[in-house]
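Note sheet for the following structure.
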Amino acid sequence: MTGLFDTYHRRINYMRISVTDRCNMRCIYCTARSVPRLSHDDILRYKEIQRIVQAAVGLGVKSLRITGGEPLVRPDVSALIELLSQVEGISDISLTTNGALLDKYAVELKEAGLKRVNISLDSFKADRFKYITGTDKIEDVLKGIEAAKRAGMDPVKINMVVLKGINDDEVVDFARMSASEGWHVRYIEYMPFVDDGEDKGRVVAVGDILALIQQSLGKMEPCLPTKGNGPAKYYQLPNAKGTVGFIGAVTDCFCANCNRFRLTADGGLRPCLLEDDEIDIKGPLRSGVSLEELARLIQEAANMKREHHRLGEEFAPGKRQMWQIGG
Ligand code: SAM
């Protein structure tokens, strides 16, 4: 077998790249613990990211997702998209963003080679949005969604993290948008990532989210995935242009089909979002190692990939928070 495989014979062809640990929001479930921010020198330069991607492509990686922190707070992310578009072998580049700056950047990102975007939105209610994100940027996010569509990104997916007692009464409103606006909504099961005492009580199982929607809007039919590399299971309301997807990292573990690894903004290679295993690639990169050696390090990280994460087993990853890895 050629290409990048882990020790459980899973093919790894998708790389998520965090470009910053800074964010213009303070979501309650993402930034619970205060950790010193990275210094300028700690963060990989765009050319360095491009070189790591060149090594990964040699192993068969084809798809990239840019994330953060909030990727669009880093200056000139379009320049990175352009650099990565030039790497032969990359067929798909996407972005995960909170959307607040998309109205400003959607056109230039599309022109630079960005094909599609996932936008995080957890509530339609301004006061609740403020409670969850610590900001008043809901109108900016809604404008960002429209700007992404106008710029020709396809698909535009809306990611909602469902939190018990906080926004779970809005899941049906989000599903309605798949019919009225053609949105591709994805419900993300809350991952109790930082053990803050309240954490586990916030999880709403994806099965319960599906049931809530069907109780109100009737039976939905399973449908084919909207373009992407992710683990969501998709459904459609009758006659809806859009879809609803369910990502249940805790109650519907999809590790058996995991095809990804992650690069943190400061050059850590992580085979799993939900485990602390990580190796440093920045040090060797900055000491001038060859592409072959970088590829060897990527293979080493793949070899560390566990059969499955242990989030449901009283284990919480401790070293980094979600905003430091990229979700
Ligand atoms: N700032 C960007 C954004 O808001 O999409 C990208 C980074 S953010 C860490 C990526 C995704 O992770 C977002 O959709 C966010 O809602 C999700 N996320 C963060 N913490 C989470 C948690 N504990 N459980 C589930 N999803 C989480």
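The values are calculated or read from the model by the stated rules, or taken from the named source; none is laboratory data. Computed from a predicted model, the values in this text were never measured in an experiment. Reconstructed Cβ throughout: ideal geometry from the backbone, glycine too, with neighbour counts over all protein chains shown. Keep in mind that these areas ignore ligands, DNA and RNA; they rest on the heavy atoms of the full protein, side chains included. Shrake-Rupley method; radii C 1.70, N 1.55, O 1.52, S 1.80 Å.
Only residues that are open to solvent by 60 Å² or more (accessible area, probe 1.4 Å), within 24 Å of MET191 (Cβ to Cβ) and without any contact (Cβ under 8 Å) to a residue 24 or more places away in the chain: list them for region 206-221, please.
Answer for region 206-221, where residues must be open to solvent by 60 Å² or more (accessible area, probe 1.4 Å), within 24 Å of MET191 (Cβ to Cβ) and without any contact (Cβ under 8 Å) to a residue 24 or more places away in the chain: just ASP208.
Given the criteria surrounded by fewer than 16 Cβ atoms within 10 Å (Cβ to Cβ) and farther than 26 Å from PRO284 by Cβ, does GLU88 qualify?
It is false that GLU88 is surrounded by fewer than 16 Cβ atoms within 10 Å (Cβ to Cβ) and farther than 26 Å from PRO284 by Cβ.
Determine, yes or no, whether LYS164 is within 14 Å of the ligand (Cβ to nearest atom) and open to solvent by 40 Å² or more (accessible area, probe 1.4 Å).
Answer is yes for this residue.
Within region 44-82, which residues are β-branched (Val, Ile, Thr) and open to solvent by 20 Å² or more (accessible area, probe 1.4 Å)?
Selection gives VAL57, VAL73.
Looking at (1) assigned to a helix (DSSP H, G or I); (2) in contact with a Gly (Cβ under 7 Å, 6 or more places away or on another chain); (3) open to solvent by 10 Å² or more (accessible area, probe 1.4 Å), which is the one condition that is false for ALA100?
(1)
Every residue in region 131-161 that is within 15 Å of the ligand (Cβ to nearest atom) and of a type in the set (Lys, Arg), please.
LYS137, LYS157, listed by residue number.
Kindly indicate which of ASP266, ASP280, ASP276, ASP208 is acidic (Asp, Glu) and over 23 Å from VAL61 (Cβ atoms).
Only one candidate passes the filter, namely ASP208.
Residues in region 250-259: is at least one under 20 Å from the mean Cα position of the chain (by Cα), crowded, with 20+ Cβ neighbours inside 10 Å and over 28 Å from PRO225 (Cβ atoms)?
The answer is no; no qualifying residue exists.
Only residues that are basic (Lys, Arg) and either open to solvent by less than 40 Å² (accessible area, probe 1.4 Å) or near the ligand (Cβ under 8 Å from one of its atoms) (or both): list them for region 13-32, please.
ARG16
Would you confirm whether any residue within region 233-241 is open to solvent by less than 70 Å² (accessible area, probe 1.4 Å), under 18 Å from ILE49 (Cβ atoms) and of a type in the set (A, V, I, L, M)?
No - not one qualifying residue is present in region 233-241.
Please list, ordered by first then second residue, the pairs with beta carbon atoms under 9 Å, 6 or more apart or interchain, first in region 68-86 and within 16 Å of the ligand (Cβ to nearest atom), second among the aromatic types (Phe, Trp, Tyr).
That search, which allows pairs on different chains as well, returns GLY68/TRP323; GLY69/TRP323; GLU70/TRP323; LEU72/TYR105; VAL77/TYR46; VAL77/TYR105; LEU80/TYR46.
May I ask you to say which residue of ARG65, ARG22, ARG51, ARG16 is in a helix (DSSP H, G or I) and among the charged types (D, E, K, R)?
Only one candidate qualifies: ARG51.
For TYR190, state whether it is aromatic (Phe, Trp, Tyr), within 22 Å of GLY326 (Cα to Cα) and over 21 Å from the mean Cα position of the chain (by Cα).
Against the criterion (aromatic (Phe, Trp, Tyr), within 22 Å of GLY326 (Cα to Cα) and over 21 Å from the mean Cα position of the chain (by Cα)), TYR190 does not qualify.
Give the residue that is most open to solvent (accessible area, probe 1.4 Å), with candidates limited to residues of region 277-310 that are farther than 22 Å from PHE5 by Cβ and touching a residue at least 40 places away in the same chain (Cβ under 8 Å).
Restricting to residues being farther than 22 Å from PHE5 by Cβ and touching a residue at least 40 places away in the same chain (Cβ under 8 Å), the top hit is ARG286.
Search region 111-146 for residues being of a type in the set (A, V, I, L, M) and more than 23 Å from ARG26 (Cα to Cα), and hand back the single one that is surrounded by the fewest Cβ atoms within 10 Å (Cβ to Cβ).
ALA112
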